[in-house]
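No lab work stands behind these numbers, since they all come straight from the coordinates. Since we're looking at a predicted model, the values are computed, not measured. FYI the Cβ positions are ideal-geometry reconstructions off the backbone, even for glycines, and counts take in every protein chain you see.
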Amino acid sequence: MKLPDKKYIGAFCVGILWGLIIAFVFCVVFFRSYLVREYESTMNFDDTVNTVTAKAQGIKGWIVKSGSCSLPKPADGTRMWTITLCNAAYASAMLNDENSRKISSVIPCTFAIYEKKDGKTYISRMNVKLLGYLLGGQPGKVFPQDVAPDQTMMLDKVVK
């Protein structure tokens, strides 16, 4: 049996290498854009904080803690606020599976509300749906099916 010519093997290896490079660049760009999402609010800072807090408290099962961010104040004088969200039923579904306990490092969920120099208010949050798909297991079920829809309701009519 005759082996393929070396130039074909070299071309094949170069093709594989380019494919890996392109896939890596795509993943970096994709995850930078989609893992942590930022939305412009339709309201001013105070109304955004109050509305999101009230909406979250109105959804059954969520414990909401709202407070000014413990991070240093931005040098430009803009405001920051965090809303921490925990749902014991959802957390329990994930944490009862010992293989999924690593997810405890990113729960409870947090919304950050902040102003930028442009005078507008923004909300950022972890894309729990994508995170769930990436992690699989119980988080792969709970985040996309339960947490993400609740978070969408919390932000309804608040974000553009």
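Want the number for LYS102 to ALA23: 0.36 nm per residue separation, take away the alpha-carbon distance, what's left?
Extra length from LYS102 to ALA23 when fully extended: 25.8 nm.
Which entry in (i) 1.36; (ii) 0.97; (iii) 1.41 is this structure's computed Cα Rg over 2.2 N^0.38 Å?
This structure yields the entry labelled (iii).
Along the charge dipole of segment 37-155, Cβ charges K/R +1 and D/E -1, which of TRP62, ALA88, PRO149 sits furthest on the positive end?
Farthest along the dipole direction, towards plus: ALA88.
Mind giving me the nanometre distance, one decimal, between the label points for LEU71 and ASP118, set 7 Å out from Cα along Cα→Cβ?
Simple spin-label model gives 1.8 nm for this pair.
For PHE30, put the label point 7 Å out on the Cα→Cβ axis and report which residues of segment 119-160 keep their amide N under 17 Å from it.
Residues passing the 17 Å test: 127-136.
How much length would be gained if the chain were fully extended between TYR133 and ALA54, taking 0.36 nm per residue of separation minus their Cα-Cα distance, in nm to one decimal?
Extending this stretch completely gives an extra 25.6 nm.
Averaging sequence separations of C-alpha pairs under 8 Å and six or more residues apart, then dividing by the length of the chain, give the relative contact order as a whole percent.
Worked out over the chain, it gives 27 percent.
Would you order VAL25, VAL128, VAL36, VAL52 from fewest to most other beta-carbon atoms within 10 Å of each residue's own beta-carbon?
So the residues, fewest neighbours to most, are VAL25, VAL36, VAL128, VAL52.
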